[in-house]
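A.B. asks: Pasting in a structure now, in structure tokens, and then I'll have a few things to ask.
The values are calculated or read from the model by the stated rules, or taken from the named source; none is laboratory data. Quick caveat: nothing in here was measured; it's all calculated off a predicted structure. Quick reminder, even Gly has a Cβ in these numbers, built from the backbone with ideal geometry, and neighbours come from all protein chains shown. Accessible surface areas use protein heavy atoms only, side chains included; no ligands, DNA or RNA. Shrake-Rupley method; radii C 1.70, N 1.55, O 1.52, S 1.80 Å.
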Amino acid sequence: MELSFRSHFLLSVLLSCLVHSTAFALKKPYIVYLGSHAHGPEPTAAEIESATNSHYDLLGSYLGSNEKAQDAIFYSYTHHINGFAAILDEDQAAEVAKHPDVLSVFLSKGRKLHTTRSWHFLGLERNGVIHKNSILRKARFGEDTIIGNLDTGVWPESKSFSDEGMGPIPGKWRGICQRGIKDGFSCNRKLIGARYFNKGYAAYAGLLNSTFYTARDHDGHGSHTLSTAGGSLVPGASVFGYGNGTAKGGSPKARVVAYKVCWPPLENVGCFDADVLAGFDAAISDGVDVLSVSLGDEPAEFFMDGIVIGSFHAARNGIVVVSSAGNSGPQPGTVLNVAPWMITVAASTIDREFTTYIALGNKQHLKGSSLSANGLPSNKFYPLISGADAQAANVSAAEALLCKAGTLDRKKVEGKILACLLVDNKRIVVGQQAALAGAVGMVLANDEANGNDVVADAHVLPAAHISFVDGKVLFAYINSTAFPMAYITRVKTMLNTTPAPFMASFSSRGPNIVEPAILKPDITAPGLNIIAAYTLAVDPAGQDFDKRKTPFNAESGTSMSCPHVAGIVGLLKTLYPNWSPAAIQSAIMTTARTRDNKLEPMLDASFAKATPFSYGAGHIRPNRAMNPGLVYDLTANDYLDFLCARGYNESQLRLFTNETHRCPKHFKTSDLNYPSITVPDLNGTMVVTRRMKNVGTPGTYSAHIKAPAGVSLSVQPQNLKFEKCGEEKEFKVVLKPKVAGKPVDYVFGKLIWSDGVHYVRSPLVVKHQ
């Protein structure tokens, strides 16, 4: 039953009192995870009530009464995920965790969106960049696939969500269009549903006003990601005239659904596990085919993480979950969303740039990126000053070089082009500070960690974002010249740029710190300067100071690459409705490429050779994915075997499925039938087992190996003969170090199965124990 606005209001008051009052200062929102329900996939009202009452009974046995349990519980997950969210103190949570029916108890943590905006195809991607029309036509543009998006909501009036030419809503849809108070929100045959979940947020934020009771997108992130995955075709889309073309989602005829689980940030996080799990439970029940999840935080043990739990239940119900890898690169071991039952997506560039040039007084020219709507006031050179030379009183030169609030002297900056150093993602905020200090323009240079990533932002003044290498040239000129001068050209859209793709510096890297035997990320996709739908509730910078509005905006981050893959999954679901989520993941991974448009190995943002820890299996190739030849398939039992190897016992596994599962005696985590092969603990001879399923025509596939350096490797057997579609064959990979105790660091290779037509590629990642 839907709660009224008044009921929501009273609930938020209650949560505020529980969490923030002095008497209950130690009480916090916890999630109590119980596994799966005994009832079927479409529970009756009586079964839902029974599940809710069972939660009251369980918690009431610790709190003293069911009435106290009802006061404490603010979510009961009653459809596919079994559990509840409740306000508890630490001791109560610890006691509940001892209950034999409880799998885990953990804090409802906050998670971040994975855009490189300070906060808060694709969209105009040309066909040659990400996919050609062949897969679109064969998959009927993703017709009647339902793509859900866990994010900040949606701007329903966007042309990307127009239902023009759409047929009736598919009968499999079981969801709702949840409206707020006078928010004017409505759905149609394209945007077929929307829900919002805010109780987990309210548990930290306290009393919420009516603006929090809507699925409408007040941030822009949700509209951008949802339209990238499944937006309709929109001719004449651009950002202030740049990148003009037809916007389209990966599955432009798909039906789309918004699940708003993210809200304005509290201490830099705004998507709380309690709301995320509620969104997952609803999406599974509603009947979505694909879920795009562009959010996450520090990885945790699998069933202490709301996204991992939600995606596990989604996968069990045939839903493909696509998640972002995170924006904490290029440091190793930063990748997020690392469970094997979800597709984890890194971010790389495309072959389109929004280019501006900085002409220096010494006749040098530096290439930058921008979406600044206006040019300099006059077609002339202006004085150029470094932030370090424009420092305000009592501010160090190092601080002023970053051009942050309060560090600049307006008298020194006014009428000049200001040069600043970028050490974080707050590019537009730096531009605003430059404008407030009186600068006529800004050049923003990367530090070494940001490398060659240059992002096109809709700055509030003429601006150019330049690479670390060019930044060194810029500051050397300033520091060696008595009266440095510069000019910034107007922005031009450049196509067929090289090299592309290369990896974004911000894209989080492996290895997987939760389970090193599973390579993450899985795949990379376009994630820089992606144009897609936006909200008209805020400016393109997502900041209060900018009063401009645009129906389309360019964004960067693994938040943007994630829905590219979700859109391609939508096409594959239309082509192969009976394929498992694992088969679709395999098709995407084993057909990826690891070379750029110069036919050279893909590079990192520093222009060093990238590795599978950056790109997983490689850059997505949708046309190849629709005809992979063979796939590495997985069932729910395979995932349970994997959990056995992770140390879960049979009693715990029964809670996941309500069925008995016997753990195999000799199964290793590296034996999970995953499309990549990772051995993080090579010590003597080791054998890894895999099996292939034929999803094409009969044929014989031969193994081709590029062994990792210092590793002796063989495949047994070397040929696999398939006589029919659906047939499966097993093979083993035998690995042995050439020198005892080595390799000390990770080394990389690849295994390719080919019948002369199909090339089924798997990355090999190996390290000594």
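Yes/no per residue for (1) assigned to a loop (DSSP other than H, G, I, E, B); (2) in contact with a Ser or Thr (Cβ under 9 Å, 6 or more places away or on another chain); (3) modelled with pLDDT of 90 or more; (4) surrounded by fewer than 18 Cβ atoms within 10 Å (Cβ to Cβ):
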| position | (1), (2), (3), (4) |
| --- | --- |
| LEU15 | no, no, no, no |
| LEU26 | yes, no, no, yes |
| PRO29 | no, yes, yes, no |
| LEU58 | no, no, yes, no |
| SER61 | no, no, yes, yes |
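A.B. asks: Residue by residue through region 79-93, note down the ones that are open to solvent by 10 Å² or more (accessible area, probe 1.4 Å) and not in a strand (DSSP E or B).
C.D. replies: Hits for region 79-93 are HIS79, HIS80, ASP89, GLU90, ASP91, GLN92.
A.B. asks: If you go through region 668-694, how many residues are open to solvent by 40 Å² or more (accessible area, probe 1.4 Å) and assigned to a loop (DSSP other than H, G, I, E, B)?
C.D. replies: Total satisfying the criteria: 3.
A.B. asks: Can you tell me how many residues in region 404-419 are farther than 17 Å from LEU474 by Cβ and either of a type outside the set (S, T, N, Q) or exposed (fewer than 13 other Cβ atoms within 10 Å of the Cβ) (or both)?
C.D. replies: 10
A.B. asks: Right, next: With ALA69, ALA51 as the choices, which residue is open to solvent by less than 70 Å² (accessible area, probe 1.4 Å), in a helix (DSSP H, G or I), touching a helix residue (DSSP H, G or I) at 6+ places or on another chain (Cβ under 6 Å) and not aromatic (Phe, Trp, Tyr)? Please lay out each step first, then the result.
C.D. replies: Working: ALA51 fails: touching a helix residue (DSSP H, G or I) at 6+ places or on another chain (Cβ under 6 Å).
Checking each option against the conditions leaves just ALA69.
A.B. asks: Based on what the data block shows, is ARG654 among the basic types (Lys, Arg), surrounded by fewer than 20 Cβ atoms within 10 Å (Cβ to Cβ) and part of a helix (DSSP H, G or I)? Before the answer, list the steps.
C.D. replies: Working: among the basic types (Lys, Arg): yes; surrounded by fewer than 20 Cβ atoms within 10 Å (Cβ to Cβ): yes; part of a helix (DSSP H, G or I): yes.
Against the criterion (among the basic types (Lys, Arg), surrounded by fewer than 20 Cβ atoms within 10 Å (Cβ to Cβ) and part of a helix (DSSP H, G or I)), ARG654 qualifies.
A.B. asks: Follow-up. All but one of (1) open to solvent by 30 Å² or more (accessible area, probe 1.4 Å); (2) at negative phi; (3) at pLDDT below 95; (4) in contact with a strand residue (DSSP E or B) (Cβ under 8 Å, 6 or more places away or on another chain) hold for ASP144; state the number of the condition that does not hold.
C.D. replies: The number of the failed condition is (2).
A.B. asks: Give the residues of region 206-226 that are of a type in the set (Val, Ile, Thr), open to solvent by less than 10 Å² (accessible area, probe 1.4 Å) and out of contact with any helix residue (DSSP H, G or I) (no Cβ under 6 Å at 6 or more places or on another chain), sorted by residue number.
C.D. replies: Within region 206-226, the first condition is being of a type in the set (Val, Ile, Thr), and the residues that meet it are 211, 214, 225.
Then keep just the ones that are open to solvent by less than 10 Å² (accessible area, probe 1.4 Å); that gives 214, 225.
Once the filter is applied, which keeps residues that are of a type in the set (Val, Ile, Thr), open to solvent by less than 10 Å² (accessible area, probe 1.4 Å) and out of contact with any helix residue (DSSP H, G or I) (no Cβ under 6 Å at 6 or more places or on another chain), region 206-226 yields only THR214.
A.B. asks: Right, next: Being modelled with pLDDT under 95, assigned to a loop (DSSP other than H, G, I, E, B) and open to solvent by 60 Å² or more (accessible area, probe 1.4 Å): is that true of THR697 here?
C.D. replies: no
A.B. asks: Check region 285-292 and report whether any residue there is farther than 26 Å from ALA203 by Cα and among the polar types (S, T, N, Q).
C.D. replies: no
The rows are residues; the columns are (1) β-branched (Val, Ile, Thr); (2) touching a Lys or Arg at 6+ places or on another chain (Cβ under 7 Å).
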| residue | (1), (2) |
| --- | --- |
| PHE303 | no, no |
| ILE307 | yes, no |
| HIS313 | no, no |
| ARG316 | no, no |
| GLN364 | no, no |
| ALA373 | no, no |
| ILE385 | yes, yes |
| ALA398 | no, no |
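A.B. asks: Another question, if that's okay. Output the qualifying pairs, or none if there are none: Cβ atoms under 8 angstrom, residues six or more apart or on different chains, first residue in region 692-714 and within 16 Å of GLU730 (Cα to Cα) and among the aromatic types (Phe, Trp, Tyr), second residue part of a strand (DSSP E or B) and open to solvent by less than 20 Å² (accessible area, probe 1.4 Å).
C.D. replies: Note: pairs meeting the criteria are TYR701/LEU630; TYR701/MET692; TYR701/LEU720; TYR701/PHE722; TYR701/TRP753; TYR701/SER754; TYR701/VAL760.
Here is a yes/no grid of residues against (1) over 21 Å from PRO612 (Cβ atoms); (2) open to solvent by 60 Å² or more (accessible area, probe 1.4 Å); (3) touching a Leu at 6+ places or on another chain (Cβ under 6 Å):
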residue: SER702; (1), (2), (3): yes, no, no
residue: GLN716; (1), (2), (3): yes, yes, no
residue: ASN719; (1), (2), (3): yes, yes, no
residue: PHE731; (1), (2), (3): no, no, no
residue: VAL734; (1), (2), (3): no, no, no
residue: VAL744; (1), (2), (3): no, yes, no
residue: GLY749; (1), (2), (3): no, no, yes
residue: PRO763; (1), (2), (3): no, no, no
residue: LYS767; (1), (2), (3): no, no, no
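A.B. asks: Let me ask something else. Any residue at all in region 430-450 that's open to solvent by less than 20 Å² (accessible area, probe 1.4 Å), within 22 Å of TYR382 (Cβ to Cβ), in contact with a Phe, Trp or Tyr (Cβ under 9 Å, 6 or more places away or on another chain) and of a type in the set (Val, Ile, Thr)?
C.D. replies: Checked region 430-450: no residue is open to solvent by less than 20 Å² (accessible area, probe 1.4 Å), within 22 Å of TYR382 (Cβ to Cβ), in contact with a Phe, Trp or Tyr (Cβ under 9 Å, 6 or more places away or on another chain) and of a type in the set (Val, Ile, Thr).
A.B. asks: Okay, next question. Which of the residues spanning region 252-294 are hydroxyl-bearing (Ser, Thr, Tyr) and open to solvent by 10 Å² or more (accessible area, probe 1.4 Å)?
C.D. replies: First pass over region 252-294, keeping only residues hydroxyl-bearing (Ser, Thr, Tyr): 259, 285, 292, 294.
Of everything in region 252-294, just one residue is hydroxyl-bearing (Ser, Thr, Tyr) and open to solvent by 10 Å² or more (accessible area, probe 1.4 Å), namely SER285.
A.B. asks: Scan region 184-205 for residues that are loosely packed, with under 15 Cβ neighbours inside 10 Å and either among the β-branched types (Val, Ile, Thr) or at pLDDT below 95 (or both) and jot them down.
C.D. replies: As a first pass, look at region 184-205 and keep what is loosely packed, with under 15 Cβ neighbours inside 10 Å: 184, 186.
The one that is loosely packed, with under 15 Cβ neighbours inside 10 Å and either among the β-branched types (Val, Ile, Thr) or at pLDDT below 95 (or both): GLY184.
A.B. asks: Does region 556-564 contain at least one residue that is part of a loop (DSSP other than H, G, I, E, B) and over 21 Å from ARG140 (Cα atoms)?
C.D. replies: Yes, that holds for at least one residue.
A.B. asks: Where residues in region 147-177 are crowded, with 23+ Cβ neighbours inside 10 Å and within 12 Å of ALA254 (Cβ to Cβ), which of them is nearest to the chain's Cα centre (by Cα)?
C.D. replies: That would be ASN149.
A.B. asks: Select from region 608-641 the residues that are in contact with a helix residue (DSSP H, G or I) (Cβ under 6 Å, 6 or more places away or on another chain) and under 20 Å from ASN673 (Cβ atoms) and list them in ascending order.
C.D. replies: Within region 608-641, ALA617, ALA625, PRO628, VAL631, TYR632, ASP633, LEU634, ALA636, LEU640 qualify.
A.B. asks: A further question on this structure: List the pairs whose first member sits in region 427-451 and is in a loop (DSSP other than H, G, I, E, B), whose second member is acidic (Asp, Glu) and open to solvent by 10 Å² or more (accessible area, probe 1.4 Å), and whose Cβ atoms are under 7 Å apart, counting only residues at least 6 apart or on separate chains?
C.D. replies: GLY438/GLU414
A.B. asks: Would you mind telling me which numbered condition in (1) buried (at least 24 other Cβ atoms within 10 Å of the Cβ); (2) in contact with a helix residue (DSSP H, G or I) (Cβ under 8 Å, 6 or more places away or on another chain) PHE302 fails?
C.D. replies: Every listed condition holds for PHE302 apart from (1).
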